[in-house]
Structure formats: C-alpha cells, structure tokens
Amino acid sequence: MATSTTSKRGNWNSKIGFILAAAGSAVGLGNIWRFPTVMAENGGAAFLLLYAALVFIVGFPVMVGELSIGRKSQRNPVGAFRALSESKFFPLVGFWGVMCGVAILSFYVIVAGWTLGYFFEQIFYSAGWFEWAEWVADTDNGWLNAGVAIVFMAATISIILGGVSDGIERAVKYLMPMLIVILVIMIGYVLFQPGAGEGIRAYLIPDFSAINSDLLLAAMGQAFFSLSLGMGALITYGSYLSKKENIPEVAGYVTLADIGIAFMAGLLIMPAIFMAQAQGLTVFNEDGSLFAGAALIFQVLPELFHNMGGIIGLIFGASFFFLLSIAALTSSISLLEVPTAYAIDEHGLKRKTAAILIGSGVTVISIIIAFDTSLIGTIDFIFSDIGLPLGGFMLCIFLGYFWKMGNAKLEMEKGFDTINDHWFFPVWSIFIRFICPILIGIILVTTIINWLS
Ligand code: PHE
C-alpha cells in the first residue's frame, strides 16, 4: 500500500516493508556468525542473558532515538545532526558513523563472500569434485577472497541502485521470509540429532563465573552490531519512514526479530557444535578453548554437513550457507546505503554515481583485507566494539541535551498520538538521558583502560 511521500527522497511503501528492511539490516552475519561464536567463547547462557539485557536496556532506546532523528530530519547521519542543531561537533559524530559503516562493510563483504564460497563448496563436495570444493573454500587464498568479496559487493550495489522501495524493500520482502523458513527447518532437524541435547544444555545453562569486563564489552559491542546501531543505519532507514508509523512500535518489532533470530541461530549452532564433537570432529583449540569465529562456522559446520552425507547433507549444507548469504546481503545493503545517502544528500551525487563510487572505493579496502584476513579482527574491534557504542553514546547526549527530549517527543507523536498519556515517553527519556549513556560510558572507559594497560 502506498503511503504519502513527504519528500522527493525514497520512502518505504509499507510498514511491513520497513520492518523487513530494518530487521534485514539487523539480522545478518552478526546473528549467525558473530553471536554464537562470541557467546560460545564467553560463558554461553551468561553471555546470552547479558546480551539480551543490553539489547533491551540500551539497544532498543537508542534505536527509537535513531529512527526519530532520521524521520524528523529526512537526512543521512551527517545531514541529520546538521539539520537538528547548530552544533559543529555533532555532524562529525554522523561522519564517524559513516566511517564505521565503510569500515564494517569492508570486512563484512569478505566474510559474506566466504559464505558464498562455502555454498559452492557444499555443492562441489556432494558432486564428488573434491579439488574444486577445497579450492573454493580456501579462506587463505587472497585472490579468491578478493573475488568473492567483489561478487558480494556487486550484488549489494545492484540492489542499492534500485533505490529504497524498488531496490531494498522489494529485495527484503523475498529474502527475509526465505531466511526464516530455512532457519526453522534446520533447527527442527538438528534438535533431534545425537549430541544435540548436550549443546542445548551448554547453550541455556549459564556460567556466571564467566562474567567480567571483557564479556560486558563483548556483549555491548554485539548488541550494537547486531541491531545495526551506533553508525546511523537506522537514522538513514528512519529517514524513509512514513510519518504515520509509530516509532517505538516498529522499533520493538525490529528488536524482537533480531534477538529472536540470534537466539534461534544459537539453537542451531550450539547443538551442531556438540554433534560435530560427537562425530569426532575437532571443535576445541589446543588450549581447550572453543574454535572461534570463522573457524567454527567455516570449519566445523561444513564438515558436519559432509558427514551427514548424501542428499540431506547437500540440502542442509547448501541451505545453511545460502541462508547466511541472504542474511548478510540484507545487512550489507544497509551498510552501503548510509554512505550512499550521505553522498546523495550532502554532495548532490546521483544515486547511481554514489553507490558505484562508494561501493568501488570500499572494495579497494576489501581487497587489501583479502590478502591479510587477520585485519578483520582489528577492524571489527575498533569500529564495531568501540566505534558503534561510542556513536550510540553521542546519540544519547545529542538527544538528551542538545536536540532535547521535547523535540523528540514532537516527532514521535506522529504515528503515536496517545504519547502524552503513555508511560513510554517518560521511561524512554530517563533511559536516553541517564541510563544508556552512563552504562555505555562505563563499559567503554573500562575497555579502553584495559586495552591501553
Ligand atoms: N546488524 C548487522 C549484522 O548483524 C551488521 C550491521 C552493523 C549492519 C551495523 C548495519 C550496521 O550482521
């Protein structure tokens, strides 16, 4: 259903279109690759609880703030801060967000490219073409890494070129439901396999002794990364949102979708790790710690699928990596949309020129990373674990003390006409002015001190 267009900028055509696009941005490698592995390294369910708490205490309020700023200003993050205050400082915060987007995208397309590579690996393996299977799954091959990243970036650019409703919204309307169906079927299968029970126990029984300041930062970084917060992706997506929509309501759906899918990904991956172990596959490093990140998703799982054998192994293996590629694509779209919207709004570029120029620029960085993938961890730490919470902190300060809560309320009133009698606003405003910045501040300062010492 078409809603009224308030400007010449693109607009989402429907509420569900927006929710799918924002949930598509949120649900990505962060949920299926980053979350289960960060969690497995950090005390399983203890991490899960901490992460869930931070999602609701910090993530959701910040998301409401980003969407309000975006919808009010009808701008990218830099233009949004510029439009809403006289301050010369806050547009720089917006620019930092654009930079975080560029940095995250530069490694994101490589990991996403691996998911494509492994999709083919599963097919080649099943077909008995073992040499090809091995070749396409070699994540140490710089040229291959660069190649798959370029393919993935090209797919991302091609969707961005279509614009907001004809490009992004149309793509996510197919991709998101597909993702959920594949995920549910896979969980259904895995839960009934030998070893699954032990995985579920490891997943759901918390080890509170594992909670420390590193874990807090990891959970905070994960909450921001997973919800796509702190760099203005949701300022940008909010700028395309109709004034008819209730911002806290749609933010609530997006948050629930994201945490729901992260939880489900854990239900798939934790049992899978233990199944793999039950089959004699190595899942632990020599020092007894669990395989992390890339090794877990890209070594243990492919082998598990091979061991399933036959057509079942092929269907599961290929579907899993296809699912990861879809999830990654709906996120990389939003990562590229931020700098693209910035170039369109602030520098008057055409969408086509902006998307191709920026996409190619980021690809150059990706190619450098392709030849030294150890850079991924460093970039991820600086721009995701530190950069995103920092952006979120600044956003709270801006909302609470510069733009002022009253203005935020005026914007939120559109689509939420009972706001004056509702408990939501006073509670949200306490979170934005005090709880969120204090919590983010403490965690960031502790991390930086630990890091320097
Ligand atoms: N939320 C995405 C994921 O979980 C990553 C992302 C981060 C996307 C920041 C946009 C902005 O994979």
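The values are calculated or read from the model by the stated rules, or taken from the named source; none is laboratory data. These numbers come from a predicted model, not from an experiment. Neighbour counts run over all protein chains shown; Cβ positions are idealised from the backbone, glycine included. All accessible areas refer to the heavy atoms of the entire protein, side chains included, with ligands and DNA or RNA removed. Shrake-Rupley method; radii C 1.70, N 1.55, O 1.52, S 1.80 Å.
Take the alpha carbon gyration tensor of the range 89-179, find the square roots of its eigenvalues, order them as a ≥ b ≥ c, and report rounded if a/c is under 1.5; if not, report prolate when a/b exceeds b/c, else oblate. Oblate, since a/c reaches 1.5 and b/c is not below a/b.
Applying the Karplus relation 6.51 cos²θ - 1.76 cosθ + 1.60 with θ = phi - 60° to the range 96-113 yields 3J(HN,Hα) values of 4, x, 4, 5, 4, x, 4, 5, 5, 4, 4, 8, 4, 5, 6, 4, 4, x Hz, where x marks Gly and Pro.
In the chain, taking the dipole from charged Cβ atoms about the Cα centre, the farthest positive-side position among Leu301, Ile386, Phe35 is held by Ile386.
Here's the picture: charge each Lys and Arg Cβ at +1 and each Asp and Glu Cβ at -1 in the range 193-254, and of Met220, Gly252, Gly197 the one pushed furthest to the positive end of that dipole is Gly252. Taking all Cα-Cα distances within the range 352-441, those exceeding 22 Å account for 54%.
Over the Cα atoms of the range 314-387, the radius of gyration divided by the Kirkwood radius equals 1.07; this is the Rg/Rh ratio. Taking all protein chains as they are arranged and a probe of 1.4 Å, the heavy atoms of His347 leave approximately 110 Å² accessible to solvent.
Expressed as a rounded percentage, what relative contact order does the range 6-452 have, with Cα pairs under 8 Å and six or more residues apart? Please report the intermediate quantities before stating the final value.
Numbers: 707 pairs, mean separation 154.1, N = 447.
Answer for the range 6-452 is 34 percent.
Modelled spin labels at Tyr189 and Phe263, positioned 7 Å past Cα toward Cβ, are 2.4 nm from each other.
In this structure the range 6-452 gives 38 Å² per residue of accessible area when probed at 1.4 Å with all protein chains present. One compactness figure for the range 176-269 is 1.37, namely its Cα radius of gyration divided by 2.2 N^0.38 Å. Projecting the Cα atoms of Phe130, Val98, Val55 onto the dipole axis of the chain, where Lys and Arg carry +1 and Asp and Glu carry -1 at the beta carbon, places Val98 farthest toward the positive end.
In angstrom, the C-alpha Rg and Dmax of the range 6-452 are 21.1, 66.
Taking R0 as 22 Å, what's the FRET efficiency between Ile57 and Leu92 from their Cβ-Cβ distance, rounded to 0.05? Once rounded, the FRET efficiency stands at 0.25. Against the criterion of solvent-accessible heavy-atom surface with a 1.4 angstrom probe, Leu216, Leu267, Leu227 sort, most first, into Leu216, Leu267, Leu227.
Report the percentage of all Cα-Cα pairs in the range 285-408 whose separation exceeds 24 Å, rounded to a whole percent. Pairs farther apart than 24 Å: 55 percent.
Per residue, how much space in cubic angstrom lies within the convex hull of the C-alpha atoms of the range 18-158? Working shown, then result.
Numbers: hull volume 23.3 nm³, N = 141.
Measuring per residue, one finds 165 Å³ for the Cα hull of the range 18-158.
Mean residue ellipticity, 222 nm, helices only, the chain: the sum of -39500 (n - 2.57) across DSSP H runs of n ≥ 4, divided by residue count and rounded to 500, is -22500 deg cm²/dmol.
Pairs Lys244/Lys350; Lys15/Lys244; Lys244/Lys409: which exceed 20 Å Cα-Cα?
Correct reply: Lys244/Lys350.
Per residue, the average separation of C-alpha pairs within less than 8 Å and at least 6 apart gives the range 304-453 a relative contact order of 15 percent.
Leaving out ligands, DNA and RNA, and with a 1.4 Å probe, what % of the accessible surface on the chain is carbon or sulfur? If you can, show how the numbers build up before the last one.
Numbers: 11790 of 17580 Å².
It is 67 percent, rounded to a whole number.
Its Cα centre serving as origin, the range 169-268 has a Cβ charge dipole (Lys and Arg +1, Asp and Glu -1) of approximately 360 debye.
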